[in-house]
Amino acid sequence: MAQPLPPNWRKDYLPPELHELRRHLEQIPSPWRAKLLPLCEQVCHLSRMQGKLVTIAQETIDQLQLDMKYLMFDVEATRRERDEFRQQLEELQE
């Protein structure tokens with residue numbers, strides 16, 4: 001069974017290390033900052049996308065587990081009905 005995400009996790013969650021990296025990048029000289037900040041923003045964007053994909057995967061797994069429970073219930077009900085009809089048929093043949 002899939003493990004739920006921690007309660008402090010959000011879709012737009014970014015690791016604290018990325019926030020710290022951004023703070024450090026904002027303190028470096030301008031020429032370097034201009035080159036590195038876009039890369040940092042891209043990493044942040046990719047991290048957010050990864051978070052969204054994890055959320056989608058978690059929801060999909062949860063739905064799949066629910067669907068499997070319904071299918072197992074359906075199979076058991078069908079087997080019970082089959083056995084009952086088989087028993088009725090045997091009783092009619094006697």
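Please treat every number below as a calculation from the coordinates, not as lab data. Worth saying up front: this structure is predicted, and the values here are computed from it rather than measured. Ideal geometry is used to build each Cβ from the backbone, glycine not excepted, and the neighbour counts take in all protein chains shown.
Observations
- Residue-wise HN-Hα couplings along segment 21-32, as the Karplus relation 6.51 cos²θ - 1.76 cosθ + 1.60 with θ = phi - 60° gives them from phi, are 4, 4, 4, 5, 5, 6, 9, 7, x, 3, x, 6 Hz; Gly and Pro carry x.
- Cα gyration tensor shape of segment 16-93, rounded if a/c is under 1.5, else prolate or oblate by comparing a/b with b/c: prolate
- Relative contact order (%) - the chain, alpha-carbon pairs under 8 angstrom, separation at least six: 35
- Here segment 63-77 and segment 31-55 have alpha carbon centers that stand 40 Å from each other.
- In the chain, taking the dipole from charged Cβ atoms about the Cα centre, the farthest positive-side position among L46, Q93, I56 is held by L46.
- Rounded to the nearest Hz, the phi-derived 3J(HN,Hα) couplings of segment 35-51 under the Karplus curve 6.51 cos²θ - 1.76 cosθ + 1.60 (θ = phi - 60°) are 7, 8, 4, x, 5, 5, 4, 5, 5, 4, 4, 5, 5, 5, 4, 4, x, where x marks glycine and proline.
- Close amide-amide hydrogen proximity is noted between I28 and no other residue 5 or more places distant or on a separate chain, at a cut-off under 5 Å (H modeled in the peptide plane; Pro and chain starts excluded).
- Helix-only [θ]222 nm of the chain, DSSP H runs n ≥ 4, -39500 (n - 2.57) each, per residue, nearest 500: -29000 deg cm²/dmol
- For the listed peptides 74-84, 46-56, a ranking on the average number of other beta carbons within 10 Å per residue, highest first, reads 46-56, 74-84.
- In a reduced charge model with +1 at each Lys and Arg Cβ and -1 at each Asp and Glu Cβ, the chain shows a dipole moment near 1100 debye about its Cα centre.
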